[in-house]
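The values are calculated or read from the model by the stated rules, or taken from the named source; none is laboratory data. All values derive from a computational prediction rather than experimental measurement. A quick note on method: Cβ atoms are made from the backbone with ideal geometry, for glycine too, and the neighbour counts reach across all protein chains shown.
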Amino acid sequence: MTLMLGLDTGGTYTDAALIDEARLDARGGAIVAKAKSLTTRDDLSRGIGAAVDAVLGDTDPARVSLVALSTTLATNALVEGQGAPAALIFVGFTAADLARGDLAQVLGDTPVISASGGHRSGGDLAAPLDLDAIRTGLHAIAGQISAVAICALFAVRNPAHEVAIRDMVRAEFNLPTTCSHELSAKINGPKRAVTALLNARLIAMIDRLVASAEGLLVDRGITAPLMVVRGDGALVSANFARMKPIETILSGPAASLVGAAFLTGLQAGIVADIGGTTTDVAVLSDGRPRIDRDGAAVGGVRTMVEAVAMRTHGLGGDSEVTLAQSGLIPEIHLGPRRAIPICLLLHEHPDLRDVLRAQLHNPRPMATDGRFVVGLRPDLLPNGELRDLAQRCIPPRPSAEFTLQRGGERLVARAVAQGAVQIAGFTPSDAAHVLGLHSAWDVGAAQLAADLFARQRGGNGLAMFADGATASRAVLDRLIRRSAELVLDTAFAEDGMGGIDPARDAVVRAALGGHSGLLRPKLDLTVPLIGLGASAATHYPHVAALLDVRDATPADADVANAVGAVVGQVHTAFEVTVNVPQEGRFDVLTPDGVRTFTDEGAALSHASDIAGQHALAQARLAGTDDVALTLRTRRRSAQIEGREQLIEAVIRASASGRPRRAR
């Protein structure tokens, strides 16, 4: 029996599923074993290793012919605003371009080096490249960054300047680089800069994940190739993922959609995958996820990465629970930041129980009660105050210590954003432990956290809840209601009614609240609701009941991501554009420059050859030898003097195949 091992590293759990390759047509019957372990962010290999050991048991590792890994780490990092420090080299653009689109939002305090250079839309030189200015700028910030993103004007039409900068940075500064033309063939410069910058910030994180997985597989005697799930559900080799980590955003959600189709056999449905940090909602149609050609949107930012058409929200089982102080009676607010559940924190640090008890006996409730700062891997940080803070918070320290220090809260916020520390606090996972819905971790600690949260006061000066159990029920009710709103948000968008906000629309609120007067509003979904994730079986029957829709949560919903990771295919695509700047001239824009033809057929044929060659080469690099190639042409024409004349043609070559196996 040949086995395939699927792994998914999420914000809270690392899942594993062992699949019998010969029984793939049996769907659920193909799952030989499954297991879960805690994701260990300080050392990912420990969590992955625990999941692999549990799922393999006594199985001979030599029987594993393929390993595939999906992950939500990149998605979570973008949602939570985390990532390694990187610089943006912006060539040929104006200062106004920095404020366009999502670029200003993504930049924050990112150092930007602007320089002359770039090309025109036809690929010809716009201005000479000023490498000396870039070199000088990098010397000034070299110790502050760990990667570089490069975006030059019209680099997708002529990448020469991006390539020259990349080669200089690697040779003289030894820093990982990301060129915008390597990630997208679209011409929107600021959006390409966004995608390249996010990619640069994720390189170190995904490299650590892949290295951890590769190392432990070797230790376990597994010689099978390691594949990684891309955001469109396709599989790519580990080295391919290292080069383009941005393409792993929505990796976990994409795997979950593939897993949902595999486990349920349904052709249509709304899939909602609730993890520790995010809830990802998408539509399954004709048994496949729809791909968003406009680019994945994560954390409110639109990228140029083709991925599943997924709406990602900062809501999960480990969402930080806070009170929105907007009136006399504050509202419960969940996320978008993930917090380490107190029941998990005290499971690993039981001595912190005395801190919670002391806070509970304090007659004056504090906003920092039940909150801790937890240090993460100081050895991976450069010397400085963030590293000192991370070191100080091993073991975890109460948040109250930092509110008393000048600038302490700002320092902690910056450390959280850069992944140096994490916050621990009351979460829906704690609430579920209090109510007896979960018991994996420290129930007593969850009760203490819930009691502390219940004491928080509103604007009227009164305690918010009678006790911890009441507070916990309110938190889970809020999670269920918010989950239903997110499902409706996706349904409205799919039906072209994206302007409706389910959380604010009076009719929707009345329908979800069960209003019955002269009007009795009701919302009907025409497809089943497929809940996925570790807590799906706990929450999504209630979500389905609230929406009055069939609950199609599969039996193995808790490891759907790991299953979906290993049943996918390798898929790559490459586009080549043919421009017609004047009648009788056909410019083929290739990665090696512009080649001009006088015959339309010859130009299109050359473009097809180049697109096919690159798609096939990328597919082999991505991890497959058995490749099928398809070509599609998108033409844009105009009527000129009664004749249809080509203005532009885009040839898209797609290559796909099953991943290589160990022999």
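Given the criteria closer than 19 Å to Thr590 by Cβ and part of a helix (DSSP H, G or I), does Ala653 qualify? No: the conditions fail for Ala653.
For Asp587, indicate whether it is among the charged types (D, E, K, R), touching a Ser or Thr at 6+ places or on another chain (Cβ under 8 Å) and within 24 Å of Ser121 (Cβ to Cβ). The answer is yes for Asp587. For region 176-188, the criterion of being outside the structural domain of Ala622 (by TED's automatic domain parsing), among the small types (Gly, Ala, Ser) and over 27 Å from the mean Cα position of the chain (by Cα) is met by none of the residues.
When the residues of region 426-445 are filtered to those that are among the small types (Gly, Ala, Ser) and more than 23 Å from the chain's Cα centre (by Cα), the one that is surrounded by the most Cβ atoms within 10 Å (Cβ to Cβ) is Ala431.
Of all residues in region 401-438, those satisfying the criterion of being at pLDDT 90 or above and more than 20 Å from Leu376 (Cβ to Cβ) are Phe426, Pro428, Asp430, Ala431, Ala432, His433, Val434, Leu435, Gly436, Leu437, His438.
When each of Val298, Val308, Val271 is tested for being at pLDDT below 80, β-branched (Val, Ile, Thr) and crowded, with 24+ Cβ neighbours inside 10 Å, the lone residue that passes is Val298. Scanning region 559-605 for residues being part of a helix (DSSP H, G or I) and either crowded, with 19+ Cβ neighbours inside 10 Å or of a type in the set (Val, Ile, Thr) (or both) gives a total of 10. Condition check: within 30 Å of Leu345 (Cβ to Cβ), assigned to a strand (DSSP E or B) and either among the aliphatic types (A, V, I, L, M) or not assigned by TED's automatic domain parsing to the domain that holds Gly335 (or both). Does Ala272 satisfy that? Yes: the conditions hold for Ala272.
Taking region 436-447 as the range and being over 9 Å from Ile342 (Cα atoms), assigned to a helix (DSSP H, G or I) and touching a residue at least 40 places away in the same chain (Cβ under 8 Å) as the test, the residues that pass are Val443, Gly444. With respect to the conditions (1) modelled with pLDDT under 90; (2) in a helix (DSSP H, G or I), Gly498 falls short on a single one, namely (2). Tell me, yes or no, whether region 317-324 has at least one residue that is touching a residue at least 24 places away in the same chain (Cβ under 8 Å), closer than 22 Å to Ser256 by Cα and out of contact with any Pro (no Cβ under 9 Å at 6 or more places or on another chain). No: region 317-324 contains no residue that is touching a residue at least 24 places away in the same chain (Cβ under 8 Å), closer than 22 Å to Ser256 by Cα and out of contact with any Pro (no Cβ under 9 Å at 6 or more places or on another chain). Is at least one residue of region 300-312 outside any strand (DSSP E or B) and more than 14 Å from the chain's Cα centre (by Cα)? No: region 300-312 contains no residue that is outside any strand (DSSP E or B) and more than 14 Å from the chain's Cα centre (by Cα).
Specify the residue that is surrounded by the most Cβ atoms within 10 Å (Cβ to Cβ); the eligible residues are those in region 80-98 that are part of a strand (DSSP E or B) and small (Gly, Ala, Ser). Of everything passing the filter in region 80-98, Ala86 is surrounded by the most Cβ atoms within 10 Å (Cβ to Cβ). Residues of region 342-374 being touching a Lys or Arg at 6+ places or on another chain (Cβ under 7 Å) and either at pLDDT below 95 or part of a loop (DSSP other than H, G, I, E, B) (or both), which ones? Selection gives Pro365 alone.
Of all residues in region 156-176, those being of a type outside the set (Lys, Arg), within 24 Å of Arg120 (Cβ to Cβ) and outside any loop (DSSP other than H, G, I, E, B) number 8. Given the structure, is Ser251 of a type in the set (Gly, Ala, Ser), closer than 28 Å to Thr526 by Cα and buried (at least 24 other Cβ atoms within 10 Å of the Cβ)? Judged against the criteria, Ser251 is a match.
Regarding Ala155, is this residue over 27 Å from Ile647 (Cα atoms), in contact with a strand residue (DSSP E or B) (Cβ under 8 Å, 6 or more places away or on another chain), crowded, with 21+ Cβ neighbours inside 10 Å and modelled with pLDDT under 95? So Ala155 fails the test. Looking across Ala54, Ala50, Ala68, Ala77, one residue alone is under 30 Å from Ala424 (Cβ atoms) and either touching an Asp or Glu at 6+ places or on another chain (Cβ under 7 Å) or crowded, with 23+ Cβ neighbours inside 10 Å (or both). It is Ala77.
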